[in-house]
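The values are calculated or read from the model by the stated rules, or taken from the named source; none is laboratory data. Quick caveat: nothing in here was measured; it's all calculated off a predicted structure. Neighbour counts are summed over all protein chains in view; Cβ atoms, including those assigned to glycine, are modelled from backbone coordinates with ideal geometry.
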Ligand code: GLN
């Protein structure tokens, strides 16, 4: 099949409620990097009112971060209608990117700053607790390192979370913190990866700053959909790399 005939349905979960610190930029990057290669991006916005069948047809999932209040609202909808579908999709190996509040949903629970406990999907072996409003939030630029598919990367982003995430024994962190706080400000772990789903505290947004991650998600989505090894055409990322180097050297 020619690459021009390829298309990817991207589920953008709760764009009206779960999108802070430029998370929307991640969708723009996926859209652009697909169309620059002649692959058709179809963005499916999944709201509370959207039936879960819309989600079922998607090849890649994205959900951004939010404040505690929005997380509670979204959680009610997830538990009522979409949690089972989402879990099934992630377990089937559909790639996903879950930022901050969305990442917290993947774990067992999130205890919000006011003590409210928001149950999670229980897919990732982790839990998150906010120590309360009097404690400092973990805010600032962050630099992390990771190895994926035999390659090493240094990624950067911006984090802003009150919740401290603790990984269980079976959890594989997404990255190791070089500068910044990461999961809890103590153990140097950042995010978690489960099958092809990544949870991370890196807003930024993360994908414009780290285009390799966008391509990894695209590649995994295409490979799953078209059942063959995909070699993505290289794009000119000189500007992105320069911007990233600049930030890393400044920190
Ligand atoms: N409300 C969550 C916290 O403070 C998530 C914040 C976010 O998504 N930026 O930990």
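Can you report the number of residues in region 56-71 which are within 14 Å of residue 16 (Cα to Cα) and part of a helix (DSSP H, G or I)?
So the answer is 3.
Yes or no, residue by residue, for (1) at pLDDT 95 or above; (2) part of a strand (DSSP E or B); (3) within 17 Å of the chain's Cα centre (by Cα):
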{"position": "79", "(1), (2), (3)": "no, no, no"}
{"position": "82", "(1), (2), (3)": "yes, no, no"}
{"position": "86", "(1), (2), (3)": "yes, no, yes"}
{"position": "93", "(1), (2), (3)": "yes, no, yes"}
{"position": "97", "(1), (2), (3)": "yes, yes, yes"}
{"position": "104", "(1), (2), (3)": "yes, no, yes"}
{"position": "123", "(1), (2), (3)": "yes, no, yes"}
{"position": "139", "(1), (2), (3)": "yes, yes, no"}
{"position": "145", "(1), (2), (3)": "yes, yes, yes"}
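Take the residues of region 120-138 that are under 19 Å from residue 197 (Cα atoms) and more than 10 Å from the ligand (Cβ to nearest atom): which is surrounded by the fewest Cβ atoms within 10 Å (Cβ to Cβ)? Before you say what the answer is, go through the steps one by one.
So the first thing to find is which residues in region 120-138 are under 19 Å from residue 197 (Cα atoms), and the list is 120-128.
Now restrict to residues that are more than 10 Å from the ligand (Cβ to nearest atom): 120-127.
Details: 120: 22, 121: 19, 122: 15, 123: 22, 124: 27, 125: 17, 126: 27, 127: 20.
Residue satisfying both the conditions and the ranking: 122.
Among (1) surrounded by fewer than 17 Cβ atoms within 10 Å (Cβ to Cβ); (2) farther than 14 Å from residue 14 by Cβ; (3) within 16 Å of the ligand (Cβ to nearest atom), which single condition is residue 76 missing?
Residue 76 satisfies every listed condition except (2).
Filter region 186-197 for residues that are crowded, with 21+ Cβ neighbours inside 10 Å and more than 20 Å from residue 41 (Cα to Cα) and give the result.
Result: 189, 190, 191, 192.
So for region 204-224 (the condition being farther than 20 Å from residue 86 by Cβ, modelled with pLDDT of 95 or more, assigned to a loop (DSSP other than H, G, I, E, B) and within 14 Å of the chain's Cα centre (by Cα)), does at least one residue qualify?
yes
Take the residues in region 190-203 that are within 16 Å of the ligand (Cβ to nearest atom) and outside any loop (DSSP other than H, G, I, E, B), then tell me which one is farthest from residue 12 (Cα to Cα). Walk me through it before giving the result.
Initially, region 190-203 is screened for residues within 16 Å of the ligand (Cβ to nearest atom), giving 190-192, 198-203.
Cutting the leftovers down to outside any loop (DSSP other than H, G, I, E, B) gives us 190, 192, 198-200, 203.
Details: 190: 23, 192: 20, 198: 15, 199: 15, 200: 16, 203: 15 Å.
Looking at residues that are within 16 Å of the ligand (Cβ to nearest atom) and outside any loop (DSSP other than H, G, I, E, B), I get 190.
Given the conditions (1) outside any loop (DSSP other than H, G, I, E, B); (2) in contact with a helix residue (DSSP H, G or I) (Cβ under 7 Å, 6 or more places away or on another chain), and given that residue 230 satisfies all but one, which numbered condition is not satisfied?
(1)
Picking from 108, 52, which residue would you name as being without any contact (Cβ under 8 Å) to a residue 40 or more places away in the chain and away from the ligand (no atom under 16 Å from the Cβ)?
Working: 108 fails: away from the ligand (no atom under 16 Å from the Cβ).
After ruling out the rest, the residue left standing is 52.
Within region 31-55, track down each residue that is in contact with a helix residue (DSSP H, G or I) (Cβ under 7 Å, 6 or more places away or on another chain), modelled with pLDDT of 95 or more and either buried (at least 16 other Cβ atoms within 10 Å of the Cβ) or under 17 Å from residue 96 (Cα atoms) (or both).
Passing the criteria: 33, 34, 37, 39, 41, 43, 44, 46, 55.
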